[in-house]
Structure formats: C-alpha cells, structure tokens
Amino acid sequence: MRIAGADVIVTSPGRNFVTLEITTDDGLTGYGDATLNGRELAVASYLSDHVGPLLIGRDAHRIEDTWQYLHRGAYWRRGPVTMAAIAAVDVALWDLKAQVAGLPLYQLLGGASRTGIRAYGHASGRDLPELLDSIRARQEQGFRSIRVQSGVPGLETIYGISAAPDPAGGPGRENGRHPQPSEETWDTQAYLRHLPTVFEAVRNEFGPELPLLHDVHHRLTPIQAAKLGKALEPYDLFWLEDCTPAENQDGLRLVRQHTTTPLAIGEVFNSVVDYQTLIREQLIDYVRSAVTHAGGITAMRKLFDLAAQYQIKSGIHGPADISPVGMAAGLHLDLAIHNFGIQEFMPHSAETYEVFRHSYTFRDGYLHPGETPGLGVTVDRAAAARFEYRPAYLPVNRLRDGTVHDW
Ligand code: GCO
Ligand code: MG
C-alpha cells in the first residue's frame, strides 16, 4: 500500500480545523488532525509545502519508520507546528492500517482495556448561581465528572474558556473568533482569594462524590500554586490542571512538597522531553497532551508507557479546537492503554459534525470510539468547502498594570 496523495483540508465549520487526508494507491483514505488553535495555517503550510512531497510513494504501513523519518529527518526537533504536522501523518497512517485490517484502531493498540471511557465536561459561570446552573446542565447531558471554572469578582471575563462573552460587545467576537486577539485582565490575588469559596459552595450543593476538576491555565508561580493546591484540599479535586507554566519542570517540586491535590499538566507540551522530570520524579498525576499536538498515536503511546511506570495516568486534552479526527484518535488510545485516567470532552457544534462524520458515542458519562474499521471518522469535503477559513486568535492576558501574563 503506497501513499498516492496527501491533501490538506482547511475548513471552518464554527471554528477553524486543519485535516490531513492521505490516499493510497489501492483507494483507501486516512485522516489526521493538524489543528493548532490560532496558528492553523502554519501547520497547513508545514504539511503541504514540506511534508506532503516526502510522503508520496512511501509504504503506508511503515508508521514507525515514517515517524522517525519526519522527526529525525527534519533535523529541527519538537515544537508545536512540527509535532502537530507529524501527528497528523501518524494518525492518518494508523487509520489506514486499521482499515486494511478491518478493525477499529483500538484493536491494533492491544484491544480494549475497559468498556467505556470516562469523560469530563466543562461548567462555568460568571457568578455562583450561573455556575451551579451550568453544572446541572452538564449533569443533564450525562457528564459525571465536571471541570469548574468561575468568574472572579472584579474581573470581566471568565478566564481560560474558549468563547468568553465580550464585555465590550465589539465586532469580531463571534463564536470565539477574533480578527485580532482580544485582551483580558487578570488579578492573581483576587483569584486566589475567590476560588476556594467557589469550591466550598459547589461541594455544599453537590455533595462529596461528584468528581470536580479545575484548570488554572498556567497563571501561577510555584509558590502560589502550592498555596492554592493546599487551600483546595478540603474539596477533594480530581485534579488541578496547569497550575504553573510547567516548562519550568523543577518548579513543580515546590508545588508537590506542599499539597496532595492531584496535578494534571501538559496540554501545551509536544514531546516526552517536556515531561522528563515531571514523570521521573512523580511530580504530576495526569499527562494532558493531545494526540494532535504531541506527535500522534506512536508518540503518545510511548509517553503513556513511560508514565505508567510511575503510576501516572492519562488525561488527554479534548477541547473543541481538537477536531473529531483528533478526538477519535484519543479515544482509541484511551480504550486500549492500561493507565487511562479520564478524557476531556467538549461536544462539537452541529456544523462541525456536518463536516466530520464520526462513529464515536457519548452515553451516561462514557465515550466509546465505536466499531467502524479504522479511526471511524470521515470528512465530507463538499461540506468542508462551504466553511471558509477565517483568521482567529486566542485571547491575550494582561495584569491590571498592563503587563502581559500567561493566558
Ligand atoms: C482545556 C484547555 C483549552 C485551551 C484551548 C487552547 O483544558 O481544555 O485549557 O480550553 O485553552 O484548547 O487552544
Ligand atoms: Mg487546560
């Protein structure tokens, strides 16, 4: 089975997605997600200008060799653009191999280690009543584990969520799309004072059993994160996510010394190298990388195997900026690996599902990739062509004095 074509599909059904479509000389089609939120066209160019020409004529079955060829062969290592492009190729090749085998992809990864994939959903509110309603709404949709994000008194936007309402109501703030990055204001002390009161209220309302998660979105220093983790201990979080900008891996030692709140890190990481200290020293509990951003199934499986030696589990990144193709890739891995923890799930819009037809399901809190041979996702190119790319940026964050801060 030789690779005959490698097409890059850029489409925007509600938000921008980049997809690699690999076709073979025997008429099969495989898909890989190459979406890098806010920097989409850089990956599209990396694929069509630099990687695509290398793929034509290659044996589509040689997944490991192709991965190494694109990684080592480029000389330049790692980085989100490179690793998203390699991930797209890798996932498309796994999709093809599983189609040839006539099996859902998870079967090639060792088969199912569980019957369903526990998912968590997002709840957020500008104030407490809105937040409690949002949690109830998620429960009604079937979620049994909930990420809780809250507005902070004195700050206008709920931080770290994809389509925060625009307080200024300005143009271009529709569906989270911005022709220029919008700017948000941040106050660390106000957040640190407020957040424990939110979790106290949520626990009082929903009781001790509901698994609750929280995302700090890289906004704290290690000592601030240590303080927050300690303050949240009475509310028994499932995890505290991205408490610091964790490329300072050593900084996590400080956080760990002070709190038993479980820590999840890594959605912005794209290589096992980013995790070396974190995993070897057991400074985290959950690995958060997305299949899409960290080199695909081949690389993620190795990462999870390393994590497993240290009793660290998976928590694959699954926001709406991962396309259904990337989502499906994560689900096949989730089902197969032994050290699965939890899967983030933000259902996509109806427009997105019009372009990406998928076999995965969500029922009673659990996801399943389905039994369709391959990845179980196809792209309707006619539908994709109807949704033209529009530039979009993630927001930028500033402290009250105007200093740029982590978003
Ligand atoms: C999460 C993430 C997302 C990111 C987004 C950036 O935990 O789901 O933090 O909300 O902000 O994926 O592209
Ligand atoms: Mg996050």
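The values are calculated or read from the model by the stated rules, or taken from the named source; none is laboratory data. Note that the structure is a prediction, hence the values are computed from the model and not measured. Backbone-built Cβ (ideal geometry, glycine too); neighbour counts: all protein chains shown.
Where residues in region 362-407 are surrounded by 14 or more Cβ atoms within 10 Å (Cβ to Cβ) and of a type in the set (S, T, Y), which of them is nearest to V89 (Cα to Cα)? Ranking the qualifying residues of region 362-407, first place goes to T378.
Looking across region 215-255, just one residue is over 24 Å from the mean Cα position of the chain (by Cα) and either buried (at least 21 other Cβ atoms within 10 Å of the Cβ) or within 16 Å of ligand 2 (Cβ to nearest atom) (or both), and that is A226. Being among the polar types (S, T, N, Q), closer than 30 Å to R39 by Cα and either in the same structural domain as V148 (by TED's automatic domain parsing) or not in a loop (DSSP other than H, G, I, E, B) (or both), is that true of even one residue in region 218-229? Yes, the conditions are met somewhere in region 218-229. Restricting F304, F387, F345, F362 to those that are within 16 Å of ligand 2 (Cβ to nearest atom) and either touching a Lys or Arg at 6+ places or on another chain (Cβ under 8 Å) or not assigned by TED's automatic domain parsing to the domain that holds T23 (or both) reduces the list to F345. A search for C-beta distances below 7 Å between a residue of region 17-40 that is over 16 Å from I86 (Cβ atoms) and any residue that is away from ligand 1 (no atom under 16 Å from the Cβ) and among the small types (G, A, S), counting only pairs 6+ apart in sequence or on different chains, returns T23/A4; T23/G5; T24/A4; T24/A60; D25/A4.
Residues that are of a type outside the set (S, T, Y), closer than 27 Å to L132 by Cβ and in the same structural domain as R126 (by TED's automatic domain parsing) are absent from region 244-253 altogether. Residue selection: L210 satisfies the criterion of being away from ligand 1 (no atom under 16 Å from the Cβ), in the same structural domain as R136 (by TED's automatic domain parsing) and either more than 18 Å from the chain's Cα centre (by Cα) or among the acidic types (D, E) (or both). Looking at V273, V291, just one residue is hydrophobic (A, V, I, L, M, F, W, C), closer than 17 Å to H71 by Cβ and touching a His at 6+ places or on another chain (Cβ under 9 Å), and that residue is V291.
Going through region 240-271 one residue at a time, which ones are within 16 Å of ligand 1 (Cβ to nearest atom) and part of a loop (DSSP other than H, G, I, E, B)?
D242, C243, T244, P245, A246, E247, P262, G266, E267, V268, F269, N270
Within region 121-159, the residues that satisfy the criterion of being more than 15 Å from P196 (Cα to Cα), part of a loop (DSSP other than H, G, I, E, B) and in contact with a Lys or Arg (Cβ under 8 Å, 6 or more places away or on another chain) are G142, R144, S145, I158, Y159. The sole residue among P373, P391 that is over 17 Å from the mean Cα position of the chain (by Cα) and over 30 Å from R219 (Cβ atoms) is P373. Residues considered: D65, D26, D59, D33. Of these, the only one that is farther than 15 Å from G5 by Cα, among the acidic types (D, E) and surrounded by fewer than 17 Cβ atoms within 10 Å (Cβ to Cβ) is D65. Any idea which residue in region 114-146 is farthest from I158 (Cα to Cα), counting only those that are among the polar types (S, T, N, Q) and either loosely packed, with under 14 Cβ neighbours inside 10 Å or not assigned by TED's automatic domain parsing to the domain that holds I158 (or both)? Looking at residues that are among the polar types (S, T, N, Q) and either loosely packed, with under 14 Cβ neighbours inside 10 Å or not assigned by TED's automatic domain parsing to the domain that holds I158 (or both), I get T115.
Filter region 160-182 down to the residues that are among the small types (G, A, S) and either assigned to a strand (DSSP E or B) or surrounded by 12 or more Cβ atoms within 10 Å (Cβ to Cβ) (or both), then identify the one that is modelled with the highest pLDDT. Result: S182. Given (1) at positive phi; (2) within 15 Å of ligand 1 (Cβ to nearest atom), identify the lone condition not met by Q282. (2) is the only condition that Q282 fails. Would you please name the residue that is surrounded by the fewest Cβ atoms within 10 Å (Cβ to Cβ), looking only at residues in region 75-102 that are touching a residue at least 12 places away in the same chain (Cβ under 8 Å) and outside any helix (DSSP H, G or I)? By that ranking, first place goes to G102.
The set of residues in region 213-239 that are in contact with a Leu (Cβ under 6 Å, 6 or more places away or on another chain) and within 11 Å of ligand 1 (Cβ to nearest atom) comprises H214, W239.
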